[in-house]
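In what follows, a structure is listed as structure tokens, so that the remarks can point back to it.
What follows is calculated from the coordinates using simple rules that are stated; it is not laboratory data. Just so it is clear, the model here is predicted, and its values are computed rather than measured. Backbone-built Cβ (ideal geometry, glycine too); neighbour counts: all protein chains shown.
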Amino acid sequence: MNLTLRIWRQSGPDESGEMVTYQVTDVSPDMSFLEMLDILNEDLILRGEQPVAFDHDCREGICGSCGMVINGSAHGPVQTTTCQLHMRSFNDGDVIDIEPWRAAAFPVIKDLVVDRSAFDRIIQAGGYISAPTGTAPDAHAVPVPKPDADLAFENATCIGCGACVAACPNGSAMLFTSAKINHLNVLPQGQPERESRVLDMVTTMDAEGFGGCTNTGECAAACPKGIPLASIATMNREFLRAARKAPR
Ligand code: SF4
Ligand code: FES
């Protein structure tokens, strides 16, 4: 496949950026999208030009670092991570637009790399437990009802990629924050911080400049791990419950 790429190039956080057009040739449909970008970068390096900066680490859909907007969609045309997107999803001769996550709370560092440390600060505000864990406990030492275990696991699959924020017209981080709150709040080990967790994490989310939720559902549609929109409703119920109990 021969492709035309239009890529956002921005040399630093305080520089202005622009879309720059590149040609890539002999792309195999079996390559991942990142491998296709590797080919472009090798070519740019050989020509003495700056390679395109993009985040990546595991390249197997678990670390969440490979975020970019492809043809206007977070992670591109398939509901997966960019590293798990394959070139067979495109056609020979296609023109592909590649941009960084667009959200006020995710400022661009360089090219396609954005600063997602706001997510770290939300997790630091409450994404932990204080129960002593010690060595690995016996499997059934702390009984957890099956529905609660399933709900905790579903929410724990969030990889912190930020696609939900990038897809949301409000730049809201409520799907991410709800996943991080819910996966601990439903477990027995998460109960000591149940109220402070939701209050502190939601407060930090707001302070970081993420927008509010207006139920468009774009976040869940873009989430590569299938975190459901219902997670936000669960978080909202947890928030109201905690706010009612909080000392005035
Ligand atoms: S909720 Fe989904 S889209 Fe949002 S950060 Fe987690 S895995 Fe990514
Ligand atoms: S590089 Fe880790 S999820 Fe894509």
Taking Cα atoms, the helix 174-185 axis meets the longest principal axis of the chain at an angle in degrees (rounded to 10) of 40 degrees
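Kirkwood hydrodynamic radius, the chain, all distinct C-alpha pairs: what's the number in Å? Working shown, then result.
Working: mean 1/r = 0.0513 Å⁻¹.
Its Kirkwood hydrodynamic radius stands at 19.5 Å.
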If one builds a Gaussian network model of the chain from Cα atoms under 10 Å apart, the most fluctuating residue listed among C58, C223, C164 is C58
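What's the longest uninterrupted piece of the chain once you rule out the GluC sites (Glu not before Pro) that are loop residues per DSSP with at most 15 other Cβ within 10 Å?
Details: sites that count: E15, E49, E60.
The answer is 61-248.
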If N is the residue count of segment 116-245, its Cα Rg over 2.2 N^0.38 Å rounds to 1.04
